[in-house]
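What follows is a short report on a single structure.
The values are calculated or read from the model by the stated rules, or taken from the named source; none is laboratory data. All of these numbers come straight from a predicted model, not from anything done at the bench. Glycine also receives a Cβ, built like all others from the backbone with ideal geometry; neighbour counts cover every protein chain displayed. With ligands, DNA and RNA removed, areas are computed over all heavy atoms of the protein, side chains included. Shrake-Rupley method; radii C 1.70, N 1.55, O 1.52, S 1.80 Å.
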Amino acid sequence: MQELVDSPAFVLFAILALGLTLGKVSVKGISLGSSGVLFVALAAGHFGLQVPQGITELGTVLFVYCVGLGVGNRFFSALCSKGSKLVILSILVVGLAWCIALAGCRLCGIDYAVGAGLFAGACTSTPGLAAALEALQAAGHDTAAVNIGYGVAYPFGVVGVVLFVQLLPRLLKKSLDDTPRDAAAQPESGQITQRVVVVSNPQLMGQQIAGPLVSRMLQCRITRVLHRDMLVPVTPEAEFSEGLEVMMVGTPEQLDRDTLFLGTAAAAVPVSRRCVDESAEVIVLEKSMDNRPLRELDTLGRYGVVVSRISRLGVDFVPTEDTEVVRNDVLTVVGPPGCIAAFKRACRHRSSAIGATDILSLAAGVALGILVGKVSIGGGPDGEGFSLGLAGGPLLVALVLGHFGHVGPIQGYMPRQTRALLTDFALMLFLAGAGVSGGSSLVATLQQQGLPMLLVGMAVTVVPLLFGYLLARKWLHLPLPEVLGGICGSMTSTPALGAITGKTDRQSPVIAYATAYPAALILMAVLAKCMVSLL
């Protein structure tokens, strides 16, 4: 038994197992989730147990890198759109939280290292904790205090934000589903759906469905026509006729526009009246198809299939004839089985390539992020300057990769399932390493500063929540669903977002969260390092 206790690998996975078990314990719908690992790790550290060296650093770089890939395709565009309001909200909320943590440390005589942990824990920011730990290590200070501060503030940080977003609509006596919709932030605008339309426009009669004139005028993709009570794939020679029923694929806004142009919406056609083997997902691996528009590829004329949608970097969209196909795009195509098979051969399709993770790109991207994090900015003869570190460097590189899709041969796409698995696992590795490190001085620190630490942590959570709500409603004039989603993103609270989505089918809170989250993530990491620098 002693051999197992002395084995760092066994201790690590035992902490993960016990922590996840603790995280599943739910009290009135609230649970710790993977963060239960932190509290088990703190207890393990208190009793002198050890985990493998370097686990904290490995968890840090993998976690922030995967998070950056996930939000990179939305972050930079948000800065140039209406989403900039949510970025402003995020910056002000995080800035206020940092000021409260700093003031609390000075008033209560709390060590700034503990304060950095309180700030990160109250805002549920793991990258903030990682940045503070790295700064302490670089300065030669003990890292136990920041872990303890994080462990004290984190539980209320999670519970406080969850309760706020659940109770606020009740106190205001407002339903999220009754809130007037903001057309610029409509969640439905990104959802791809289908509709059957009865053609009645006399100007279209006799025109080829796949002809260039019609293709330029439609925003949706016509994939099937009703023939003898069956929805069959469109053929190159198919023409519009009076009363012809066609199936279109697009977003609701695109469908509404094209329906008015073509005719009128028909009653929904049951799925049983379509053939399931007449559609497929095809990944484009053929280099000659890279960066070529669909008009030039002429998939219907050459192969007998219609491309109804494209999945690129985890985002689905309806293409036009001018949309360029990029290598590794996943195309949803509709056509006869034989035509689909021929198109797969032309694309050099491999089923195993859909959802596959490029391990080389993962390793190279993380290495590049670590390198960027080591670059010192503004250094002089008397100082080392500022660097992004293990938290900021990989995050910045991942945001760039997620936005542009690739940097040279390094791909910025990782399948959602793989990314979610790596993110959760990396987070648990980080929490296990950080918790064991801080557990050794847990009891002594709590005895000295326990109550002041708890009160400061609660203030860092509660005050920015109230301020953020008033700011978003009164100054930024955002609707309630976006306000709640933006606050969740500003506090980097995924559990709170889950509480919102469980109350409404609308997606605007999710979009607001994704817009505010990256800015909060970066700013928390920077400010946590700034607080440590005050030591």
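A Förster radius of 22 Å, combined with the Cβ-Cβ distance separating Val214 from Asp256, puts the computed FRET efficiency at roughly 0.80.
Under 13 Å of direct C-alpha separation, and excluding same-chain neighbours fewer than eight residues apart, Lys529 reaches these aspartates and glutamates: Glu134.
Remark: accessible surface ordering of Ser361, Ser437, Ser533 (largest first) is Ser533, Ser437, Ser361, probe radius 1.4 Å.
To the nearest 10, the accessible area of Asp316 is 80 Å² with a 1.4 Å probe. Residue separation of Phe47 and Ser200 scaled by 0.36 nm, minus their Cα-Cα distance, works out to 47.3 nm of gained length. Summarising the amide proton neighbourhood of Ser308: residues at separation of 5 or more, or on other chains, whose placed amide H is nearer than 5 Å comprise Thr332, Val333, Val334. Apolar share of the accessible surface for region 208-334: 51 percent from carbon plus sulfur atoms, 1.4 Å probe. Kindly flag which residue pairs out of Lys24/Lys174; Lys174/Lys474; Lys24/Lys85; Lys85/Lys374; Lys24/Lys173 have an alpha-carbon separation exceeding 25 Å in this structure. Pairs exceeding 25 Å: Lys24/Lys174; Lys24/Lys85; Lys85/Lys374; Lys24/Lys173.
Summarising the amide proton neighbourhood of Val225: residues at separation of 5 or more, or on other chains, whose placed amide H is nearer than 5 Å comprise Val232, Val234, Met247.
A 1.4 Å probe, protein heavy atoms only, puts the accessible area of Lys344 near 60 Å². Applied to region 397-412, the Karplus parametrisation 6.51 cos²θ - 1.76 cosθ + 1.60 on θ = phi - 60° returns per-residue 3J(HN,Hα) values of 4, 5, 4, 5, 4, x, 6, 8, x, 6, 10, x, x, 7, 7, x Hz, with x for Gly and Pro.
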